[in-house]
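The values are calculated or read from the model by the stated rules, or taken from the named source; none is laboratory data. Since the model is a prediction, treat every value here as computed from it, not as a measurement. In this analysis, Cβ positions are derived from the backbone assuming ideal geometry, glycine residues included, and neighbour counts consider all displayed protein chains. Each accessible area value is taken on the protein alone, full model and side chains, heavy atoms only, with ligands, DNA and RNA left out. Shrake-Rupley method; radii C 1.70, N 1.55, O 1.52, S 1.80 Å.
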Amino acid sequence: MGDTIVVVVGAGVSGLTSALLLSKKKGYKITVVGKHMPGDYDSEYASPFAGANIIPMANEAGKRWESETWRELKRLVEEVPEAGIHFQRCQVQRRGHDLTTDAGFPVHAFSKTPWYRDLFEDYHDLPKSQILDGYDSASEYTGVCINTAVYLPWIVGQLLKNGVVIKRGIIANIKEAKALSHTGQPASIIINATGLGSIKLDGVRDSALYPIRGQVALVRNEASPMILCSGSIDGPGEELYLMQRAAGGGTVLGGTYEIGNWNSEPDPSVALRIMSRVVNARPEIADGKGIAGLNVIRHAVGLRPARNGGVRLEAEDLDESTSIVHNYGHGGYGYQTSYGYADRVVKLVSDIRKRQRGAVANL
Ligand SMILES: Cc1cc2nc3c(=O)[nH]c(=O)nc-3n(C[C@H](O)[C@H](O)[C@H](O)COP(=O)(O)OP(=O)(O)OC[C@H]3O[C@@H](n4cnc5c(N)ncnc54)[C@H](O)[C@@H]3O)c2cc1C
């Protein structure tokens, strides 16, 4: 029997990582199709805007995705420098008040005794002297920060090396993907990794999806360790974080976490508040000169593809010869769960392939 024809729709971190892990297996001809590709900046394409760090956000029951991904990200830092990821210490700063509201980042991330204290070898609580003004407690561990402008093209390079064909394309209905394989043959498996696009995509139209708007400032200034706070003095939806990317990628100053807000334009007053929160918390990033000491590369907005009920990771049949594997709805944690979910996508694809082959053999 010949190779299984697979079309992956979506070239964000979810689609690219799914294609990457599948491309390491024998017996598949894979095409990746996307409206946006690495190098594009459009708020509806979330992946370029992420910090991107790892601060586990799942509750203990859902820890496998972040645990599995952490192991692979760590390996990439240690063995694959060209992937554009480096180790960085991460300080988690908490206010008790934020743990009683669901207006901001998921509260599990800010537990005083998170399950992930066993995941990071050097996780420890910080002394009072390192707790930011206005916060109640803080912890620190060595995590990673991904330079998305290097990392996504690195995955593209790995895919090309593994024989995957990547092309632009916009589909209006998921069934159109069936005809988009570079081989000219119909796809028997479609991987749907369209993020927020699945709200409008016919054949999917998932009304559980919604955006969480994230406005950030990318600056040339550098500062370490990373900071991630449970909330900020500027109220719900206004966050305080700082992540220095690997390999000259600048530092991402954040930000906002605005549930249900589709506004794709950076708001200048929000930008001022973001920068002011960061220079107050970490004056040395701007040599003590306040906002005037920041050298801005750009202000930007990305829409996190969130979903009521969490990520949709499941298979369904499109017709008698084609199945779809959905992998979308990763909210604010698409990088830090990417390898866990992609590994599961590969297992679902492999099960479908066996079933389809069994059906053909029984004809
Ligand atoms: C400001 C900000 C900070 C973040 N920080 C972090 C962080 O520190 N750590 C972390 O893990 N995550 C972070 N995230 C979340 C992370 O960026 C997302 O979870 C992740 O990028 C989602 O990836 P995705 O591939 O599912 O979706 P996307 O990146 O949105 O990609 C969707 C793809 O589908 C394509 N597509 C959609 N519809 C169609 C269609 N009809 N036809 C063809 N193609 C289509 C798009 O063109 C695109 O290629 C952050 C996000 C933001 C905005």
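Exactly one condition in (1) open to solvent by 40 Å² or more (accessible area, probe 1.4 Å); (2) touching a helix residue (DSSP H, G or I) at 6+ places or on another chain (Cβ under 8 Å); (3) more than 17 Å from residue 333 (Cα to Cα) is false for residue 84; which is it?
So the condition that residue 84 fails would be (1).
Out of the residues in the stretch 18-61 that are among the hydroxyl-bearing types (Ser, Thr, Tyr) and under 22 Å from residue 346 (Cβ atoms), which is most open to solvent (accessible area, probe 1.4 Å)?
The qualifying residue most open to solvent (accessible area, probe 1.4 Å) is 28.
Name the one entry in 130, 91 that is crowded, with 19+ Cβ neighbours inside 10 Å and not assigned by TED's automatic domain parsing to the domain that holds residue 14.
Details: 130 fails: crowded, with 19+ Cβ neighbours inside 10 Å.
Step by step, each of 130, 91 is checked, and only 91 is crowded, with 19+ Cβ neighbours inside 10 Å and not assigned by TED's automatic domain parsing to the domain that holds residue 14.
Consider residue 15 carefully, then state whether it is within 12 Å of the ligand (Cβ to nearest atom) and either assigned to a helix (DSSP H, G or I) or open to solvent by less than 60 Å² (accessible area, probe 1.4 Å) (or both).
In short, yes.
Sort out for me the strands (runs of 3 or more DSSP E) sitting completely within the stretch 177-238 that have 3 or more residues that are within 17 Å of the chain's Cα centre (by Cα).
209-219
Residue-wise test of (1) modelled with pLDDT of 95 or more; (2) touching a Ser or Thr at 6+ places or on another chain (Cβ under 8 Å); (3) open to solvent by 30 Å² or more (accessible area, probe 1.4 Å).
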residue	(1), (2), (3)
184	yes, no, yes
187	yes, yes, no
217	yes, no, no
225	yes, no, no
228	yes, no, no
251	yes, no, no
257	yes, no, no
273	yes, no, yes
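List every residue pair whose Cβ atoms sit under 8 Å apart, with the two residues 6 or more apart in sequence or on different chains, where the first one lies in the stretch 348-363 and is assigned by TED's automatic domain parsing to the domain that holds residue 316 and the second, anywhere, is part of a helix (DSSP H, G or I).
Qualifying pairs under 8 Å: 349/22.
Within the stretch 159-193, which residues are within 12 Å of the ligand (Cβ to nearest atom) and without any contact (Cβ under 8 Å) to a residue 60 or more places away in the chain?
Those that are within 12 Å of the ligand (Cβ to nearest atom) and without any contact (Cβ under 8 Å) to a residue 60 or more places away in the chain: 172, 173, 176.
Residue-wise test of (1) over 30 Å from residue 186 (Cβ atoms); (2) in the same structural domain as residue 36 (by TED's automatic domain parsing); (3) touching a residue at least 60 places away in the same chain (Cβ under 8 Å); (4) more than 16 Å from the ligand (Cβ to nearest atom).
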site	(1), (2), (3), (4)
238	yes, no, no, no
241	yes, no, yes, no
284	yes, no, yes, yes
299	yes, no, yes, no
313	no, yes, no, no
327	no, yes, yes, no
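Looking at (1) open to solvent by 40 Å² or more (accessible area, probe 1.4 Å); (2) within 11 Å of the ligand (Cβ to nearest atom), which is the one condition that is false for residue 64?
Exception for residue 64: condition (2).
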